[in-house]
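**Q** Below are the structure tokens for one structure; questions will follow.
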Amino acid sequence: MSGASGSWPTLETARLRLRRFRADDLARFMAYRNDPDVARYQSWESISLAEAQAFIQAERDARLGSPGVGVQIAIELRATGELIGDCYFRIEADDPRQAEIGYTLATSAQGQGLATEAVSAWLTYAFGAFALHRITATVDCQNLRSVALLERLGMRREGHFLQNIWFKGAWGDEYLYAMLREEWLTRRNEPAP
């Protein structure tokens, strides 16, 4: 795998493949992006056919690792090739040693440890490929499953923002989680470079 800006890896875990989006992901992508249970803690409610087509095209053309530019990485089941979600990744524009992650999984893929598997694989790749010092994630305080996932990964809660976001018609609270590269390597029992 190359970590050069713009190159896209294909990461494989025991059950998953993380890769660039493809045109044939459209139907499955629209299915989970239009599921109200999936959208509950996301900034979007639904997606139209035209929006989904434009999204997939933009992700197919996106350059991975460009500071300030967020990308979505497709998550598929290795056994079936079925798209089950995506990971968000953005290197900070003002400090390319720091990045942010996020994730979305179809309802049928939740509760099986698949998000933990996907995010873990992406953390390992991103810390190494982009020589990152720190990765953060922001989560709605009411999204208890996502909070549990971040804590399972060993991310540290660094902030609790009260009514910091106008979200779906009401003020919402968010937690900020973070992890340093050395913490991730220690957790994985890998030596620091």
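The values are calculated or read from the model by the stated rules, or taken from the named source; none is laboratory data. These numbers come from a predicted model, not from an experiment. Virtual Cβ from ideal backbone geometry, glycine too; neighbours counted across all protein chains shown.
Quick grid of which residues meet (1) of a type in the set (D, E, K, R); (2) over 11 Å from the mean Cα position of the chain (by Cα); (3) over 20 Å from LEU153 (Cβ atoms):
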residue: ALA52; (1), (2), (3): no, yes, yes
residue: ILE56; (1), (2), (3): no, yes, yes
residue: ARG60; (1), (2), (3): yes, yes, yes
residue: GLY68; (1), (2), (3): no, yes, yes
residue: TYR88; (1), (2), (3): no, no, no
residue: GLN112; (1), (2), (3): no, yes, no
residue: THR116; (1), (2), (3): no, no, no
residue: PHE130; (1), (2), (3): no, yes, no
residue: CYS141; (1), (2), (3): no, yes, no
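**Q** Name the single residue, out of those in the stretch 170-190 being hydroxyl-bearing (Ser, Thr, Tyr) and not in a helix (DSSP H, G or I), that is surrounded by the most Cβ atoms within 10 Å (Cβ to Cβ).
**A** Taking the candidates together, the pick is TYR177.
**Q** Further question: If the requirement is being closer than 21 Å to THR107 by Cβ and at pLDDT below 95, which of these qualifies: SER66, SER46?
**A** SER46
**Q** What number of residues in the stretch 85-136 are of a type in the set (Val, Ile, Thr) and in contact with a Leu (Cβ under 8 Å, 6 or more places away or on another chain)?
**A** Count: 6.
**Q** Can you tell me which of ALA4, ALA39, ALA74, ALA52 is crowded, with 18+ Cβ neighbours inside 10 Å, among the aliphatic types (A, V, I, L, M) and either in contact with an Asp or Glu (Cβ under 6 Å, 6 or more places away or on another chain) or at pLDDT below 95 (or both)?
**A** Sole residue among the options that is crowded, with 18+ Cβ neighbours inside 10 Å, among the aliphatic types (A, V, I, L, M) and either in contact with an Asp or Glu (Cβ under 6 Å, 6 or more places away or on another chain) or at pLDDT below 95 (or both): ALA74.
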